[in-house]
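These notes are about the structure you will find just below.
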Amino acid sequence: MGGSYELVRTDDAAGGQHALDLEAGRCAAVYPKGLAAGGVITPPSAPPSPAPARQRLVSLDVFRGTTVLLMILVDDAGAFLPAINHSPWDGVTIADFVMPFFLFIVGVALALAYKRVPNKLEATRKAILRALKLFCVGLVLQGGFFHGVRSLTFGVDMQNIRLMGILQRIAIAYVVTALCEIWLKGDDDIDSGFDLLKRNRYQLFIGLIVTITYMAFLYGTYVSDWEYQISVPGSTEKSFFVKCGVRGDTGPGCNAVGMIDRTILGIQHLYSRPVYARSKQCSMNSPQNGPLRPDAPSWCQAPFDPEGLLSSVMAIVTCLIGLQYGHKHNERIMKWLIPSFSMLILAFSLDFFGMHMNKPLYTVSYTLATAGAAGLLFAGIYTLVDMYGHRRPTVVMEWMGTHALMIYVLIACNILPIFIHGFYWRDPKNNILRLIGIGA
């Protein structure tokens with residue numbers, strides 16, 4: 001490409017005989033080295049026109065919209081099509097790519113948002129504030145405040161509120177990645193791939209430290225025996241004892257990810273419908289939900305948060321990888337394809353040698369596989385939409401991408417169906433949703 005296609009128009013973008021001075025907010029004309037009579041440079045015949053508005057990266061909106069559509073698809077159809085539902089434990093399905101794709105997109109968007117940072121302290125303050133707002137929205141949407149489409153009640157006991165969730169994880173990854181881009185981005189000129197690594201060496205170092213820290217906790221933390229209680233119909237509570245006494249276990253019952261969440265957050269603040277309840281050890285209808293097997297392990301009904309603390313540490317790495325894809329550089333397609341394929345090869349190699357891809361734990365192999373897939377998909381969409389201008393086939397995805405948070409809140413979190421459900425005729429069962437089959 002030779003750098004002829006820019007993610008966002010900048011003041012150093014090629015523009016024929018006129019370069020955009022976005023700092024001054026006007027077009028600065030660049031004239032040939034000819035002198036008029038009397039040795040005076042010939043002035044322009046017309047006053048400079050205002051600079052055009054900075055263009056959006058359409059392919060990023062399309063990628064975000066595609067991910068939103070995929071999220072809605074797996075949420076609604078996953079219960080009927082196990083192949084696209086979340087994997088019960090090891091392995092990945094289509095649904096397991098949704099969260100990493102969102103995190104990757106956040107990283108790319110941050111690189112574009114912080115191309116220039118005139119006031120680092122102010123940018124830091126705004127980034128922290130945005131992250132806090134996003135975290136609070138996540139608490140309301142996924143903390144248990146809303147009781148489902150068929151329930152007209154709401155409210156949550158703060159002693160049992162779910163503390164982590166999708167938006168909370170994105171908020172954590174967002175603020176860490178934003179701070180890295182604000183404070184640790186280099187200013188070196190880029191002429192080669194090595195220069196790109198040199199410029200972003202501090203951010204890459206942070207990603208390496210985060211990965212090493214995660215692995216140290218995952219494989220080095222001793223998990224002792226533990227127990228939990230759940231409410232059972234016909235009785236108050238039933239206790240279960242989980243025997244562990246191991247270090248480095250990556251199974252559902254004795255891993256460090258769950259232990260850290262139970263210790264720091266409290267088991268009552270975790271997700272109460274664990275994905276491993278659909279595993280072969282637990283469900284008679286695996287990989288779907290079903291009756292508990294008679295010989296099911298004691299951990300099958302234990303709360304486990306798929307967006308927990310330690311697993312969210314590796315989510316930061318996904319966001320940092322997306323950040324590197326968003327940085328401006330020449331021959332970007334090759335610089336996207338090479339690391340994407342490299343991450344996929346490394347991911348499958350790690351999986352082959354025992355470090356399995358696992359979304360609930362957010363393992364290193366899972367991080368690399370999903371980030372590599374995101375890089376390939378982003379490169380393909382960028383080539384189709386921004387290089388060759390084929391926007392018409394993707395106009396719906398583009399619209400969904402520019403309204404992603406609204407769609408997530410209204411559709412994926414069932415806020416719109418709950419709102420509609422609140423209008424009924426005489427009996428709550430007589431509502432619009434029942435007529436169209438959703439509330440039946």
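The values are calculated or read from the model by the stated rules, or taken from the named source; none is laboratory data. These numbers come from a predicted model, not from an experiment. Virtual Cβ from ideal backbone geometry, glycine too; neighbours counted across all protein chains shown. Surface accessibility is based on the protein's heavy atoms, side chains included, excluding ligands, DNA and RNA. Shrake-Rupley method; radii C 1.70, N 1.55, O 1.52, S 1.80 Å.
For beta carbons closer than 9 Å, sequence separation of 6+ or different chains, a first residue in segment 112-129 that is more than 22 Å from residue 321 (Cβ to Cβ) and a second that is of a type in the set (Asp, Glu), the qualifying pairs are 116/23.
Does segment 406-417 include one or more residues that are out of contact with any helix residue (DSSP H, G or I) (no Cβ under 8 Å at 6 or more places or on another chain) and assigned to a helix (DSSP H, G or I)? Within segment 406-417, one or more residues are out of contact with any helix residue (DSSP H, G or I) (no Cβ under 8 Å at 6 or more places or on another chain) and assigned to a helix (DSSP H, G or I). Against the condition among the aliphatic types (A, V, I, L, M) and in contact with a His (Cβ under 7 Å, 6 or more places away or on another chain), how does residue 384 come out, does it pass? Yes. Evaluation of residue 298 against the conditions (1) on the phi > 0 side of the Ramachandran plot; (2) touching a strand residue (DSSP E or B) at 6+ places or on another chain (Cβ under 6 Å) shows that the sole unmet condition is (1). Between 221, 250, 236, 211, the distinction of being open to solvent by 20 Å² or more (accessible area, probe 1.4 Å) and in contact with a Lys or Arg (Cβ under 8 Å, 6 or more places away or on another chain) belongs to 221 only.
Of all residues in segment 89-111, those satisfying the criterion of being free of Cβ contacts under 8 Å to residues at least 60 places away in the same chain and of a type in the set (A, V, I, L, M, F, W, C) are 94, 95, 98. Restricting attention to segment 75-87, the residues that are under 20 Å from the mean Cα position of the chain (by Cα), under 24 Å from residue 251 (Cβ atoms) and open to solvent by 20 Å² or more (accessible area, probe 1.4 Å) total 2. Only residues that are within 22 Å of residue 358 (Cβ to Cβ) and not aliphatic (A, V, I, L, M) were counted across segment 100-118, and they come to 5. Here residue 420 fulfils each of the conditions (1) in contact with a strand residue (DSSP E or B) (Cβ under 8 Å, 6 or more places away or on another chain); (2) in a helix (DSSP H, G or I); (3) modelled with pLDDT of 95 or more apart from (3). Just to be sure before I move on: is residue 312 among the small types (Gly, Ala, Ser) and either touching a strand residue (DSSP E or B) at 6+ places or on another chain (Cβ under 8 Å) or more than 30 Å from residue 271 (Cβ to Cβ) (or both) in the structure I sent? Taking the combined requirement at face value, the residue does not satisfy it. Identify the residue in segment 42-83 that is in a loop (DSSP other than H, G, I, E, B) and under 19 Å from residue 96 (Cα atoms) and, among all such residues, is modelled with the highest pLDDT. Ranking the candidates gives 81 first.
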